[in-house]
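Reviewing the structure listed below.
The values are calculated or read from the model by the stated rules, or taken from the named source; none is laboratory data. The model shown is predicted, which means the values in this text are computed figures rather than measured ones. All Cβ positions, even for glycine, are placed from backbone atoms using ideal geometry, and neighbour counts span all protein chains on display. Note: accessible area is taken over every heavy atom of the protein model, side chains too, but ligands, DNA and RNA are not part of it. Shrake-Rupley method; radii C 1.70, N 1.55, O 1.52, S 1.80 Å.
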Amino acid sequence: MRTHGTSGLHAGRRAIALAAAALAILFATTATSAEARQFGQLGAVAKKAQEVHAAWNISDADEQQLGAAVSQKIRERYGVVQDEAVTRYVSLVGMVLAQATSRPNLAWKFIVLDTDGVNAFAAPGGYVHITRGALGLMSSESELADVLAHEITHVTEKHTIAAIRKGNMVQFGANQSSVTADSALFQKLIDKTTELVLLGFGRADELEADQKGIRLANSVGYAPGGLGEFLKRLSDRNKGSSAKQGLFASHPEMQERLDKLSKQIASEHLASTATLQDRYRKFISYTATPQSEIATVTGGAAGLTGGGETKKDDAKKDEPPPKKKGFGLGGLLAPGPSEKKSAEVTGSAAARGADTELGAKGGPVKTIVVVNVTPADIAAFKKEGNLK
Ligand SMILES: [Zn+2]
């Protein structure tokens, strides 16, 4: 909020469609010196972790570099909505929130994924993704703000980094004498982090993101009830899916989550009132596609591998799945029971019990949409919405 510059939204200056598997090698061989240096730093930090084997901390620049690679995998999976006005609007809402956090100077990026699936994902370093399907299911700017605030909190609280550390996701073998920028180790870290981001965090992290998220949204003037309203609508939407009924409205965890939100709003007197439905509708005209009509991709981690390659499945064999998959905003929709290794597109995944939202097919264009939002733009946006 204080020293925020204009650098918040230069996402994707490098809109290079790197094949994921070749990413590390490409960085090692064709990266700019700055990129190589950053990857080198991350490698050095990883090596330090190998030595120390305790706390694994990375700098903001390294975290952002990891986030960039993870975001690229997510964009490759789902595609990006090529609409500058929509991206700009979502970015303005996100920047109003991000500026009020403890990490206002991260290079925050807000990306609209081109899929009917209803989801939102936070990658490390300030890469926040929301799907077209989620925007279609929302009815006000406060719902959008509350959901973005939840995702932003995952970043500001460094939930991903903590999960990597706690889960010992990066195995440092005694025989690994060096961890370099082009090592398979870094590629594995990207893969594992992407999987974590897509499948959702643990219960405690999700509750913290809810709690701090609505506090954040309220602090800038948004009505804090939007998150609960959105979650309820999402829950209702998924009632028709036989495989997932247990995870939704009747599920104790979901009910606990909604109860906690209501209690917090009362006990903390979170009384901000801006909902801004009209402004939302001015920019967002999507409608939600019924779940039964969503085409999905199966294979790998919710189709993450997209083309039916088996790397993700192999990786899963020696790793326990993230805990409490069904609890996150994205993770509300538990991964489907697909055992298939080849990708396929079907018309009624919900009827088969697959994870329709997470497994939803993505759009064809992967290029990030660059929007430049200045402090003056943010100030004007806040003033127009009567935000703080
Ligand atoms: Zn979450």
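For segment 5-20, the count of residues that are open to solvent by 40 Å² or more (accessible area, probe 1.4 Å), at pLDDT below 50, of a type in the set (S, T, N, Q) and closer than 30 Å to Tyr286 by Cα is nonzero. In segment 125-150, which residue that is closer than 19 Å to Asp210 by Cβ and surrounded by fewer than 24 Cβ atoms within 10 Å (Cβ to Cβ) is nearest to the ligand (Cβ to nearest atom)? The extreme case among them is Leu137. Looking across segment 206-243, just one residue is under 24 Å from Thr356 (Cα atoms), within 13 Å of the ligand (Cβ to nearest atom) and surrounded by fewer than 22 Cβ atoms within 10 Å (Cβ to Cβ), and that is Leu207. Test Gln41 against the criterion of being modelled with pLDDT under 95 and either away from the ligand (no atom under 16 Å from the Cβ) or not charged (D, E, K, R) (or both), and give yes or no. For Gln41, the condition - modelled with pLDDT under 95 and either away from the ligand (no atom under 16 Å from the Cβ) or not charged (D, E, K, R) (or both) - is met.
Taken together, the residues in segment 72-91 that are farther than 14 Å from Leu135 by Cβ and either assigned to a helix (DSSP H, G or I) or in contact with a Cys (Cβ under 9 Å, 6 or more places away or on another chain) (or both) amount to 7. List pairs: first residue in segment 257-286 and without any contact (Cβ under 8 Å) to a residue 40 or more places away in the chain, second residue in a helix (DSSP H, G or I) anywhere in the structure, Cβ distance under 8 angstrom, at least six positions apart or on different chains. These pairs meet every condition: Leu258/Gly228; Leu258/Leu231; Leu258/Lys232; Ser262/Gly228.
Name the residues in segment 195-204 that are within 16 Å of Leu231 (Cβ to Cβ) and either near the ligand (Cβ under 9 Å from one of its atoms) or not basic (Lys, Arg) (or both), would you? Once the filter is applied, which keeps residues that are within 16 Å of Leu231 (Cβ to Cβ) and either near the ligand (Cβ under 9 Å from one of its atoms) or not basic (Lys, Arg) (or both), segment 195-204 yields Gly200, Phe201. Scan segment 112-124 residue by residue and report those that are open to solvent by less than 10 Å² (accessible area, probe 1.4 Å) and away from the ligand (no atom under 16 Å from the Cβ). Val112, Thr115, listed by residue number.
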